[in-house]
């Protein structure tokens, strides 16, 4: 009797354990499926926004260049866009931590619809100063939209990434975004050629509206919402690694925008007599290639199973970027082989820049506090926006003062500053679940 009772009890225990295991596995699969769904939805929203953002940049640049605006005037059109990014990343991270990243993502898409719709009201018959002020104001709204969307998307990745997959997921999101931004450049120039300025804007408004509807219906979970309510005073109170990385990020993106925003597009159009489609196509190809390299950065840096010190790699690649940038500036300055130096050199610059950017995007999430990831990422991207603001202003000013060569030497100066800042970065904490060395280098 005793043995029978023990056997039955053991059997019942075994059955209960098996049932519990099955339930746990099913629960785990459901949890992972929900995370994957959220990642796909967030990424899709970011992709659609990125297409419209790239297209808008090219539309405004080419449209106002056709109207006879100077390089400095065109640069001013983008200043408010970049300036608002500084404030938006700080406050957006705080709002996202309190309300949820899904809300800030949808809010960014809606603001972009408002900006694009309003730009159709601009009329070439207006006084030039009024057109500049109006477009700057709408670009400011678009800047808020862009950084709300970017901060929300990249912060959300940390909430859905599993152990060892963070760098790969960040690289996919960031790299694909930049590839699509390149497509957006081409799309903007193509729409301007095929439709009028207003028609292109309305097409993008319709695409954004459909995306907002999809996210409102399907993304109904509070992603990244902090368990505690962070105070406004926490916006500027960051860890030492986040501060140092943000400083490096400021100069990295400033170095790109010094030549990218105004100097090179205007140089290609005015000095080399490239068509709108040619300028847009080159910049599109550059950004698409940059995005592909960025997505492949984990595989590139871990080929052969190497153990990578991510902070040291950041320093090394910053130095490589400085050398490449100087190698472009020299022939442009002496006016020898200018076209191949600009076209070929900027392709190599894009490869080195993509690896630098991907490493930065990984490090900010590796250094970020798990509970306050939105705040840390927001602070980091506010530094990114500040660098782009300064780079945008210098892009027009340096081109007017000294042509493309002066703009390129300004870029060299900023890359050297990036390298000096990266030299002070600490290593990723030992044992972190998001080390690049643990990332699968496969597809």
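Summary table
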| item | result |
| --- | --- |
| Gyration tensor (alpha-carbon) shape descriptor, the stretch 384-424, a/c threshold 1.5 | oblate |
| Rough spin-label spacing in nm, given labels placed 7 Å along Cα→Cβ, for residue 334 and residue 87 | 4.8 nm |
| Neighbour-count order for 315, 424, fewest beta carbons within 10 angstrom listed first | 424, 315 |
| Residue 299 paired with residue 125, simple spin-label distance in nm, labels 7 Å along Cα-to-beta-carbon | 5.6 nm |
| Label point distance in nm, residue 193-residue 118, each placed 7 Å from Cα along Cα→Cβ | 3.1 nm |
| Principal semi-axes in Å for the stretch 318-406 [√(5λ), Cα gyration tensor, largest first] | 32, 17, 8 |
| Per-pair calculated FRET efficiency, R0 = 41 Å: residue 243 and residue 323 via Cβ, rounded to 0.05 | 0.95 |
| Alpha-carbon centroids, the stretch 48-63 and the stretch 238-272: separation in whole Å | 18 Å |
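Values in this text are rule-based calculations from the coordinates and carry no lab data. Remember, it's a predicted structure, so these values are computed and weren't measured experimentally. Methodologically, a virtual Cβ is constructed for each residue, glycine included, from the backbone with ideal geometry; neighbour enumeration extends over all protein chains shown.
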